[in-house]
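S.K.: One structure coming up, written as C-alpha cells, with questions to follow.
Values quoted throughout were computed directly from the atomic coordinates according to the rules given, and no laboratory measurement underlies them. All values reported here derive from a predicted model rather than from experimental measurement. Note: ideal-geometry Cβ built from the backbone for every residue, glycine included; neighbour counts use all protein chains shown.
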Amino acid sequence: MVRVLSESEAERYVIELLRSRGPMTTSEIESLARKEGKRCPDETVLFLNKLRTKGKIRGEISQEKRGWVWWV
C-alpha cells in the first residue's frame, strides 16, 4: 500500500535521503520511495522543484543522467 506523505513528511524524507545517499536523479528518488511505500504529495519532480525554489535542496539538469539531479 502506498502512503501519500504530507508536505512536511515528504520534505524531511527527501532531505534525509539526499543527505544519506548523495546526489540522486528524480527517478532514483521515486523508485526508493515506491519501494518504501511512500509518495510525494505532488508529482515528484514538481515537489522537488518546490524544495529547490525554497532553497532546501539543489538541483540541475544533467545531460549525462538525462534528467534532473538533486542534492543537499
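S.K.: I need the phi-derived Karplus couplings for the stretch 15-27: 6.51 cos²θ - 1.76 cosθ + 1.60, θ = phi - 60°, integer Hz, Gly and Pro marked x.
M.R.: 4, 5, 4, 5, 5, 7, 10, x, x, 9, 7, 4, 5
S.K.: Testing the spin-label approximation: label points 7 Å from Cα along Cα→Cβ at K38 and S6. State their distance in nm.
M.R.: 1.5 nm
S.K.: Let me ask another. Could you compute the net charge surrounding S27? Neighbours are other residues with a C-beta less than 13 Å from the C-beta of S27; K and R count +1, D and E count -1. Could you put the intermediate results ahead of the total?
M.R.: Working: positive: R34, K35, K65, R66; negative: E28, E30, E43.
That works out to +1.
S.K.: Putting +1 on Lys and Arg Cβ atoms and -1 on Asp and Glu Cβ atoms, find which of I15, G59, T44 reaches farthest to the positive end of the dipole of the stretch 3-71.
M.R.: I15
S.K.: Which of the GluC sites (Glu not before Pro) across the stretch 3-48 are loop residues per DSSP, with 15 or fewer other Cβ within 10 Å?
M.R.: On the way: sites: E7, E9, E11, E16, E28, E30, E36, E43; in loops: E36, E43.
Of the GluC sites (Glu not before Pro), the ones in loops of the stretch 3-48 whose Cβ has at most 15 other Cβ atoms within 10 Å are E36, E43.
S.K.: Sticking with this one: How large is the helix-only mean residue ellipticity at 222 nm for the chain, computed as the sum of -39500 (n - 2.57) over DSSP H runs with n ≥ 4, divided by its residue count, in deg cm²/dmol to the nearest 500? Please list the in-between numbers first.
M.R.: On the way: 3 runs with 35 residues, N = 72.
Only helices count here, giving -15000 deg cm²/dmol.
S.K.: If the only charges are +1 at each Lys and Arg Cβ and -1 at each Asp and Glu Cβ, what is the size of the charge dipole of the chain around the Cα centre, to the nearest 20 debye?
M.R.: Values: 15 positive and 11 negative charges, 22 e Å.
Using only the charged Cβ atoms, the result is roughly 100 debye.
S.K.: D42: net charge of surrounding residues, Cβ under 14 Å, Lys/Arg +1, Asp/Glu -1, itself excluded?
M.R.: 0
S.K.: Starting from the Cα of K65, draw a straight line to each of the lysines and keep only those under 23 Å, dropping any in the same chain fewer than 8 residues away.
M.R.: Cross-link targets: K35, K50, K56.
S.K.: If I take all pairs of Cα atoms in the chain, what percentage of them are more than 18 Å from each other? Can you show the working numbers first?
M.R.: Working: 734 of 2556 pairs.
Everything past 18 Å amounts to 29 percent.
S.K.: Ok, one more. So, counting K/R as plus one and D/E as minus one, what does the shell of residues with Cβ under 12 Å around R12 add up to? Working shown, then result.
M.R.: Numbers: positive: R19, K38, K56; negative: E7, E9, E11, E16.
The answer is -1.
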